[in-house]
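Here's the structure we're looking at; comments come further down.
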Amino acid sequence: RTFECTKRMLSTRLAAIKAEHGWDLWTELVNRMWAQGAALAALVEERTGWELAMKPEANIVCFRPLPQKGMAASWNRVIKELRQRHLNQGSGYVVQTEFDGKVWLRCTLMNPLTESCDMETMLNEMEAMLTDLMDSSRHHA
């Protein structure tokens, strides 16, 4: 579970980091998170059958698998189910968002220890889950 304090309490953490390490550590952290966003976006763009909603400008990346043939009308439901399966069985935490009538997977990179291999694992898990999801829907159709 996550634990979030009030915004005032969050500022106490920032003040403690600044007092102990100066602004350089904070700058390094922000730059690292933004670089991770760009790295995940690049992995999505390199992957056949996936798309970005837009190029990220920070550490938040919105992406999704492209609709499979004949499924454009029901693809939002598929993305929602994929997100739920990944939440239950996957190695990361991804939420969903919707704009322009499309549901997107939304990943906010916040852990400075996340590496490209972790992002690759997440995408591989999602691809496997999507394959299972599509196979099971074909058998029930």
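The values are calculated or read from the model by the stated rules, or taken from the named source; none is laboratory data. Remember, predicted model here, so these are calculated numbers, not experimental data. A quick note on method: Cβ atoms are made from the backbone with ideal geometry, for glycine too, and the neighbour counts reach across all protein chains shown. Side chains included, ligands, DNA and RNA excluded: accessible areas come from the protein's heavy atoms. Shrake-Rupley method; radii C 1.70, N 1.55, O 1.52, S 1.80 Å.
Checking each residue in region 118-132 for being touching a Ser or Thr at 6+ places or on another chain (Cβ under 7 Å) and either open to solvent by 70 Å² or more (accessible area, probe 1.4 Å) or within 15 Å of ARG64 (Cβ to Cβ) (or both) picks out MET122, GLU125.
Rundown of residues vs (1) more than 23 Å from LEU123 (Cα to Cα); (2) open to solvent by less than 80 Å² (accessible area, probe 1.4 Å); (3) among the aliphatic types (A, V, I, L, M), yes/no style:
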site: HIS21; (1), (2), (3): yes, no, no
site: THR27; (1), (2), (3): yes, yes, no
site: GLU45; (1), (2), (3): no, no, no
site: MET54; (1), (2), (3): no, no, yes
site: ARG64; (1), (2), (3): no, yes, no
site: ASN76; (1), (2), (3): no, yes, no
site: ARG83; (1), (2), (3): no, yes, no
site: VAL94; (1), (2), (3): no, yes, yes
site: GLU98; (1), (2), (3): no, no, no
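Looking across region 100-117, the residues that are farther than 23 Å from ARG32 by Cα, surrounded by 12 or more Cβ atoms within 10 Å (Cβ to Cβ) and not aliphatic (A, V, I, L, M) come down to LYS102, TRP104. So, LEU66, is that one under 30 Å from LEU14 (Cα atoms) and of a type in the set (A, V, I, L, M) or not? Judged against the criteria, LEU66 is not a match.
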